[in-house]
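Working notes, beginning with the structure itself.
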Amino acid sequence: MISGSRRLVCAVVLAFEVTAAHADVTISTAATQDMSCTEGVCAPTAASAVLNAGDLESMLASGDIKVTTTGSGVQSQNIVVAAQIAWSSTSALALDAYQSIEIRRPLAMQGLAALSLTTNDGGQGGVLEFGGHGHVTFANLSSSLSINAVPYTLVGSVKDIASSVSANPTGKFALAADYDAKVDGIYTTAPVGTELDGRFEGLGNAISNLTISDQEYGGTDGLFTELGDDGLIENLTLANLLFLTNADEVGGLVGFSSGQIYSVTINGAVQGGEAGCLAGETTNGPIENIRTDCKVGGITTAGGLVGSNSATISQSRAMGGVNGIYAGGLVGRDFGQIRFSSATGKVSGLGDLGGLVGLEDGSIDHSWAGGSVNSNLGSYMGGLVGYLDGGAIDQSFAMGRVAGDNGSIVGGLVGTLCSCEALTSLTNSYATGAVRARGGFVGGLVGHSDGSPIGDSYSTGMVRGVAHSDRGGFVGYDGGPGQILDGYWDTTTSNITDPSQGTGNVANDPGITGLTTAQLQSGLPAGFSNTIWAENPNINRGLPYLTGNPPAK
């Protein structure tokens, strides 16, 4: 039976049910096929092979079993767990993959058992990943777990995590099963107050109903206070999180991170003083495949996923409201790299505000934002990024409405482009949300540019501004005409039909062209590469879309 927290996770995580690839060993309910199981080893006899889950359970009842992707003259790629596996004996199961191990269904050790997981045994680029209903559970904390030959200590609760990390900050720990933290009551400080320089493996499990109310000002806060340079947290879900705090750097998962975070899911609420939703700050290491659903209020630097980041965020998703000075649906301040990520929550505040990132000084690619961005005070505001300085955006888009007050700089994708610290560029991107401001600079794609390069991009949202606004279909104010190449705006939907008004301050700014919706739908605009862009009447309303970053269905 799937627990309540597991059902919640399944509801918020984009589940993927993919048929077995031709070169996978798949453990499923189908009959065993093209597998040879002798002397405790099950190996493929063809590149695509099936091992019946019931057959595997029967073998585990009487002894240790190793499932591998390497057979006699045969090499499969991945091991896919597509059916539930459970056993109560003390037998050990080893999954040894040439590349990845994909766990899509529960794998449960019901007795004092052992599990060994090995990825990239001869291959490269493989990962341990969980999808659908997949997670690994241990009934006994004395059971054995190793991942890529590294032994892990099993922990069963938030307090177990805290005491284990305190005793051994460089240790390797794994969450043995879903844990309901409601029984813990309300934490008044970060539960794990010791910096983690080791690894924490969630095994696809969830910590639900965690409540933290820390009213002390300053410092860092989160489930983990800090994640060090060598730290790693992965494959974990925080469900129904409630976080009230006044700390300077705070996140639902980590207050300050200079380590790696991979495949973490968060949903819940983070509110109060200086709060971020997943991580207050991260300075080194990848943060990948993470989804959040958080509500944040009254924050200095805040992101739905990370407050400040100088590492790599990849394949991550954030949902929920964020409020702050440097505020983004995914990251408040980014000095690193964001890839294949998205955010859909409402962002508000009074500084650098973006649907994905508030202040960007790194790079973003293959990412998107869908939440609205709003401010009642003068701000740099963008559907994707509020202020881009010395960074780059490529193959990304924004769909949310952006609305500012007097003096605001508002863009459908980026509020301000500035090559102040280093060269800034924006390429192969688009925005579809409406933009408006009562005064300042307003543009369908960019509010204000100092002349930083923009290329192969378009906007379709309605552009509104009042007196004293520089209002352009594509860019509100261009401080360096001539640096835009193959920029387009939709004259049908933007409320700007004058073909000379691609920018608000420069008539007939070179490189910008107004097209009707029908023209944008009739074929890729000039300059758009068909290796990056495509059109399909059933995708993105027939408008150009990014093949490597298609809009969500």
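Quick notes on this structure:
- Screening Asn140 against (1) in contact with a helix residue (DSSP H, G or I) (Cβ under 9 Å, 6 or more places away or on another chain); (2) in a loop (DSSP other than H, G, I, E, B); (3) free of Cβ contacts under 8 Å to residues at least 60 places away in the same chain leaves a single unmet condition, (1).
- Residue under evaluation Leu353, criteria (1) open to solvent by less than 20 Å² (accessible area, probe 1.4 Å); (2) more than 18 Å from Thr300 (Cα to Cα), criterion not met: (2)
- For segment 131-150, a residue qualifies if it is open to solvent by 30 Å² or more (accessible area, probe 1.4 Å) and touching a Lys or Arg at 6+ places or on another chain (Cβ under 7 Å), and the qualifying residues are His133, Val150.
- Any hit, segment 56-69, residues being in contact with a Pro (Cβ under 9 Å, 6 or more places away or on another chain), buried (at least 16 other Cβ atoms within 10 Å of the Cβ) and either of a type in the set (Ser, Thr, Tyr) or more than 20 Å from Gly156 (Cβ to Cβ) (or both): yes
- Across segment 389-428, the qualifying residues are those that are of a type in the set (Ser, Thr, Tyr) and within 23 Å of Ser529 (Cβ to Cβ), and the one among them that is surrounded by the most Cβ atoms within 10 Å (Cβ to Cβ) is Ser396.
- Residue check, Gln110 surrounded by fewer than 21 Cβ atoms within 10 Å (Cβ to Cβ) and within 24 Å of Asp178 (Cβ to Cβ): yes
- Of the residues making up segment 77-107, those that are more than 18 Å from Gly134 (Cα to Cα) and either open to solvent by less than 20 Å² (accessible area, probe 1.4 Å) or in contact with a helix residue (DSSP H, G or I) (Cβ under 7 Å, 6 or more places away or on another chain) (or both) number 2.
- Looking only at segment 214-254, residues that are assigned to a strand (DSSP E or B), open to solvent by 10 Å² or more (accessible area, probe 1.4 Å), within 24 Å of Thr312 (Cβ to Cβ) and at pLDDT below 80 come to 2 in all.
- Taking first residues from segment 163-185 that are surrounded by fewer than 20 Cβ atoms within 10 Å (Cβ to Cβ) and partners that are basic (Lys, Arg), the Cβ contacts under 6 Å between residues at least 6 apart in sequence or on separate chains come to Lys172/Arg199.
- All conditions but one from (1) aliphatic (A, V, I, L, M); (2) closer than 17 Å to Leu413 by Cβ; (3) assigned to a loop (DSSP other than H, G, I, E, B) apply to Leu359; the one that does not is (3).
- Among residues of segment 430-480, those that are open to solvent by less than 20 Å² (accessible area, probe 1.4 Å) and among the hydrophobic types (A, V, I, L, M, F, W, C), counted: 10
- First in segment 520-532 and within 13 Å of Gly487 (Cβ to Cβ) and touching a residue at least 12 places away in the same chain (Cβ under 8 Å), second anywhere and open to solvent by less than 40 Å² (accessible area, probe 1.4 Å) and in a loop (DSSP other than H, G, I, E, B), Cβ under 9 Å, 6 or more apart: Leu520/Thr460; Leu520/Leu543; Leu520/Pro544; Pro525/Pro544; Phe528/Asn428; Phe528/Pro544
- Hits in segment 371-388 (condition: surrounded by fewer than 24 Cβ atoms within 10 Å (Cβ to Cβ) and touching a residue at least 60 places away in the same chain (Cβ under 8 Å)): Ser372, Gly378
The values are calculated or read from the model by the stated rules, or taken from the named source; none is laboratory data. As the structure is a computational prediction, the values presented were derived from the model and not from experiment. Every residue, glycine among them, receives a Cβ derived from its backbone with ideal geometry; neighbour counts consider all protein chains shown. Note: areas computed on protein heavy atoms with side chains; ligands, DNA, RNA excluded. Shrake-Rupley method; radii C 1.70, N 1.55, O 1.52, S 1.80 Å.
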